[in-house]
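The values are calculated or read from the model by the stated rules, or taken from the named source; none is laboratory data. Quick caveat, the model's predicted, so the values are computed rather than measured. Cβ: placed from backbone, ideal geometry, glycine included. Neighbour counts: every protein chain shown.
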Amino acid sequence: MTLRKDFLWGGATAANQYEGGWNIDGKGAGVPDHIRGGTVTAPRLWDKEIDENVYYPSHEAVDFYHRYEEDIDLMGEMGFKCFRMSINWSRIYPTGMEEEPNRKGLDFYHKVFQRCKENGIEPLVTLSHYELPWGLSEKYNGWTGREVIDHFVRYATTCFEEYKNEVKYWLTFNEINIGVQPFGRIMSLGMQGIDHKPMFILNETKEEKDDRFTALHNQFVASAKAVVIGHKINPDFKIGNMIAGSLSYPYTCDPKDVKEADDSFNMSNFFCGDVQVRGHYPYYAKRYFKDNNIDVRMEDGDLEILKKGTVDFYSFSYYMSSCVSTHPEVNDKASGNMFSGLKNPYLEASDWGWQIDPEGLRTYLNRVYGRYEIPLMVVENGLGANDERSEDGCFHDTYRIDYLRKHIEAMKEAVEDGVDLMGYTMWGCVDLVSASTGEMKKRYGFIYVDRDNDGNGDFHRERKDSFYWYKKVIESNGEDLD
């Protein structure tokens with residue numbers, strides 16, 4: 001069960017959860033900058049106007065903008081081969097509509113990539129990780145507006161040309177399949193919501209549903225165009241998609257539950273994967289649109305663009321699994337990473353109720369590779385926990401080590417099964433803000449950041465026990481997991 005010698009070990013972050021510096025050096029506001037902090041019991045709220053008296057977690061996040069050298073050096077100390085990060089679109093084009101990019105924004109990422117190079121780290125850059133410029137959200141209702149495609153293509157082209165000698169690996173959109181679900185309207189698609197309402201909106205009119213799937217289609221077209229342009233700018237670029245991995249088991253062996261699980265996997269994973277890897281909408285999309293009374297607004301030539309702009313590799317996040325059932329009396333819910341389902345009685349759960357299923361990662365890898373047979377990469381996986389300092393002053397996160405060990409073992413089994421796996425970047429390698437709740441209390445990192453849910457703390461960094469464990473894992477290319 002040996003991993004490839006050039007396996008891309010590392011960690012992952014997102015600018016709006018990690019970077020901070022939200023309005024300095026020419027950066028404009030992004031959609032996340034309008035979303036308040038929350039908790040599991042008090043959902044994040046969305047504001048049309050930023051209130052100076054309200055705490056918005058993305059505004060400072062954990063201040064990577066001023067601490068990138070320290071953080072990347074710590075990643076280098078662990079032996080990272082790869083750092084998955086995102087470029088904040090509104091740092092390059094403040095409203096998304098400028099003709100010329102913000103030079104200070106471009107220069108910041110040059111410095112980040114240079115520091116990565118000095119530490120022997122390959123950047124894996126997400127172009128859009130829930131970071132639509134506010135100007136595009138406001139003017140075009142986010143990705144509903146066809147015009148946003150051209151603005152994204154200009155932004156992507158700028159990044160490809162600017163960093164063509166510094167970045168080899170790219171992702172177009174983070175967890176693009178979140179747009180399949182109603183809760184993806186604001187965060188993923190940048191669509192306008194009602195002021196002071198929860199970020200995750202579940203109820204839609206027929207027109208709003210049409211808009212959401214049209215917005216998702218526009219992202220598909222934008223991604224395909226970017227892939228074609230990127231390959232022209234540098235044929236050595238490897239450009240991937242990114243899917244929020246969602247694995248659902250049938251709750252019973254009732255054939256209807258089995259069919260429900262298949263349908264759930266298709267729409268949650270393969271729907272977007274098929275468009276971006278195979279270059280066309282899957283066969284079941286027509287019936288899904290018909291049964292759900294959805295009209296997607298496409299233009300002539302769109303389907304040809306999708307055929308041309310297929311990705312080089314398939315990347316995904318994986319945190320948990322759940323169950324589905326057609327039996328209404330089965331209603332014990334489980335949720336995680338914005339998805340919800342039924343609790344699996346065979347699984348344990350994290351402090352936040354996310355069910356822990358390493359074997360499901362192996363299943364997911366095999367199922368996706370069996371369909372596409374292109375390289376796969378796990379670009380998010382990790383355990384959110386309430387890390388507390390021990391009496392000796394250290395963070396002994398043995399529970400995180402156990403979680404990661406079991407998932408890495410599952411990855412190795414998948415490789416032995418024949419899956420072509422190119423890398424693994426653990427989510428939130430440095431503690432950062434939760435996307436779903438805006439909390440700092442739910443920590444993922446190998447590196448502790450002094451920051452709390454209310455924005456208190458001096459941002460200083462400390463190594464947890466998992467820091468030293470992961471260093472050993474990387475040094476042994478996954479052989480030493482003790």
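Cβ-Cβ under 6 Å, sequence separation 6+ or interchain: first residue in region 271-289 and in contact (Cβ under 8 Å) with a residue 24 or more places away in the chain, partner assigned to a helix (DSSP H, G or I) and of a type outside the set (A, V, I, L, M). Which pairs?
Every condition considered, the pairs that remain are Cys272/Asn177; Val275/Phe220; Val277/Tyr372; Gly279/Lys307.
Only one of these is in contact with a Cys (Cβ under 8 Å, 6 or more places away or on another chain), touching a residue at least 24 places away in the same chain (Cβ under 8 Å) and either small (Gly, Ala, Ser) or more than 26 Å from Phe467 (Cβ to Cβ) (or both): Ile186, Ile121, Ile176. Name it.
Working: Ile186 fails: in contact with a Cys (Cβ under 8 Å, 6 or more places away or on another chain); Ile121 fails: either small (Gly, Ala, Ser) or more than 26 Å from Phe467 (Cβ to Cβ) (or both).
One residue alone meets the criteria, Ile176.
Exactly one condition in (1) at pLDDT 95 or above; (2) buried (at least 23 other Cβ atoms within 10 Å of the Cβ); (3) touching a Gly at 6+ places or on another chain (Cβ under 9 Å); (4) of a type outside the set (A, V, I, L, M) is not met by Pro32; state its number.
Result: Pro32 fails condition (3) only.
Quick grid of which residues meet (1) in a loop (DSSP other than H, G, I, E, B); (2) at pLDDT below 95; (3) within 19 Å of the chain's Cα centre (by Cα); (4) surrounded by fewer than 24 Cβ atoms within 10 Å (Cβ to Cβ):
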{"position": "Arg4", "(1), (2), (3), (4)": "yes, no, no, yes"}
{"position": "Trp9", "(1), (2), (3), (4)": "no, no, yes, yes"}
{"position": "Asn16", "(1), (2), (3), (4)": "no, no, yes, no"}
{"position": "Gly20", "(1), (2), (3), (4)": "yes, no, yes, yes"}
{"position": "Ile24", "(1), (2), (3), (4)": "yes, no, no, yes"}
{"position": "Val40", "(1), (2), (3), (4)": "yes, yes, no, yes"}
{"position": "Pro43", "(1), (2), (3), (4)": "yes, yes, no, yes"}
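So which helices (runs of 4 or more DSSP H) stay within region 243-357 end to end and still have 3 or more residues that are acidic (Asp, Glu) and either at pLDDT 95 or above or farther than 26 Å from Glu409 by Cα (or both)?
Working: elements: 255-265, 285-291, 302-308.
Counting at least 3 such residues, we get 255-265.
For residues that are surrounded by 24 or more Cβ atoms within 10 Å (Cβ to Cβ) and among the hydroxyl-bearing types (Ser, Thr, Tyr), scanning just region 315-327, find the one that is nearest to Gly341 (Cα to Cα).
Ser322
Before we move on, is Gly445 assigned to a loop (DSSP other than H, G, I, E, B), under 28 Å from Asp6 (Cα atoms) and touching a residue at least 12 places away in the same chain (Cβ under 8 Å)?
Numbers: assigned to a loop (DSSP other than H, G, I, E, B): yes; under 28 Å from Asp6 (Cα atoms): yes; touching a residue at least 12 places away in the same chain (Cβ under 8 Å): yes.
Judged against the criteria, Gly445 is a match.
In region 443-462, which residue that is touching a strand residue (DSSP E or B) at 6+ places or on another chain (Cβ under 7 Å) and not hydrophobic (A, V, I, L, M, F, W, C) is nearest to Tyr56 (Cα to Cα)?
It comes out as Arg443.
Quick check: anything in region 62-82 at pLDDT 95 or above, farther than 15 Å from Gly26 by Cβ, surrounded by 22 or more Cβ atoms within 10 Å (Cβ to Cβ) and small (Gly, Ala, Ser)?
Within region 62-82, none of the residues are at pLDDT 95 or above, farther than 15 Å from Gly26 by Cβ, surrounded by 22 or more Cβ atoms within 10 Å (Cβ to Cβ) and small (Gly, Ala, Ser).
Can you tell me which of Val330, Val311, Val296 is surrounded by fewer than 20 Cβ atoms within 10 Å (Cβ to Cβ), more than 24 Å from Ser436 (Cα to Cα), in contact (Cβ under 8 Å) with a residue 24 or more places away in the chain and touching a strand residue (DSSP E or B) at 6+ places or on another chain (Cβ under 7 Å)?
Values: Val311 fails: surrounded by fewer than 20 Cβ atoms within 10 Å (Cβ to Cβ); Val296 fails: touching a strand residue (DSSP E or B) at 6+ places or on another chain (Cβ under 7 Å).
None of the others qualify; the one that does is Val330.
Got a number for residues in region 386-414 being of a type outside the set (Ser, Thr, Tyr), in contact (Cβ under 8 Å) with a residue 60 or more places away in the chain, part of a helix (DSSP H, G or I) and over 15 Å from Tyr319 (Cβ atoms)?
Result for region 386-414: 5.
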